[in-house]
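Here the structure is laid out as structure tokens; the discussion comes afterwards.
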Amino acid sequence: MSVASRVVLVGTIVAASMSVVVPAQAAAKACVLGKWRSTSYHMTIENGVGQTYAKGAKGVRLTITRTSLAYDFNKSTKETLTGFSSGSLIFRSSYQYAKKLRVKATVKGAKKGSIVIKSKTATGNATGTGRRTWPERKNLGTYNMAKSLRSGSVQSLVPVKSDFSCSGKTLKFFSSVPYNGYMISIGRVFTRA
């Protein structure tokens, strides 16, 4: 075999090897996966007569894999809620969340897709502590978020199903859930942590 033939043969083998190795190394991780920190949150609850609006809860840490979501609420701000009935203000309240929550999930898509959590798998010591601030001041108690999810309750910061869009360092979630005669709409924005 001539030197030229050997060079062509070696070149072909190297090229074939690279075509197998390079794509595996160059495969980009799905945009939605990784560590995130919340920068914006809003929720609307409506039933035709009354509306409740919520915002806040900045700083929630979220880690997403293909099979789970892990929340860290320790550095998050309060979620504030304002309720109206027939256009009149009827209450103001807030919830402060703390500690950690983990739940199994199905994550579909890379830059766009959906996340569906498996509520019955929720674990962790995350809590929500409520306080009514108007018209009267009243402590609303503290509850365990994992236990609440497992019982089927809707959690504003951990919706059962969310659609998402992801671009670079920004992840946006949107959920719309009917619950006990109400329509709950939730939007959340995260930045890569």
Taking the stretch 171-184 and keeping residues in contact with a Ser or Thr (Cβ under 6 Å, 6 or more places away or on another chain) and either under 19 Å from Thr77 (Cβ atoms) or surrounded by 15 or more Cβ atoms within 10 Å (Cβ to Cβ) (or both) leaves Lys172, Phe173, Ser175
When Phe173 is run through (1) among the aromatic types (Phe, Trp, Tyr); (2) in contact with a strand residue (DSSP E or B) (Cβ under 6 Å, 6 or more places away or on another chain); (3) modelled with pLDDT under 95, the failure sits at (3)
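Which one of these is out of contact with any strand residue (DSSP E or B) (no Cβ under 6 Å at 6 or more places or on another chain) and within 25 Å of Gln51 (Cβ to Cβ): Gly109, Gly181?
Only one candidate qualifies: Gly181.
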Cβ pairs under 7 Å, 6+ apart or interchain, first in the stretch 117-140 and part of a strand (DSSP E or B), second surrounded by 13 or more Cβ atoms within 10 Å (Cβ to Cβ) and β-branched (Val, Ile, Thr), ordered by first then second residue, are Ile117/Val103; Ile117/Val158; Ile117/Val160
Of Lys138, Lys172, the only residue that is more than 20 Å from Tyr97 (Cα to Cα) and assigned by TED's automatic domain parsing to the domain that holds Ser185 is Lys172
Within the stretch 61-112, residues being under 27 Å from Cys31 (Cα atoms) and assigned to a loop (DSSP other than H, G, I, E, B) number 11
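The values are calculated or read from the model by the stated rules, or taken from the named source; none is laboratory data. None of the values given here were measured: they were computed from a predicted structure. When we count neighbours, we look across all protein chains shown, and the Cβ atoms used for this are built from the backbone with ideal geometry, even at glycine.
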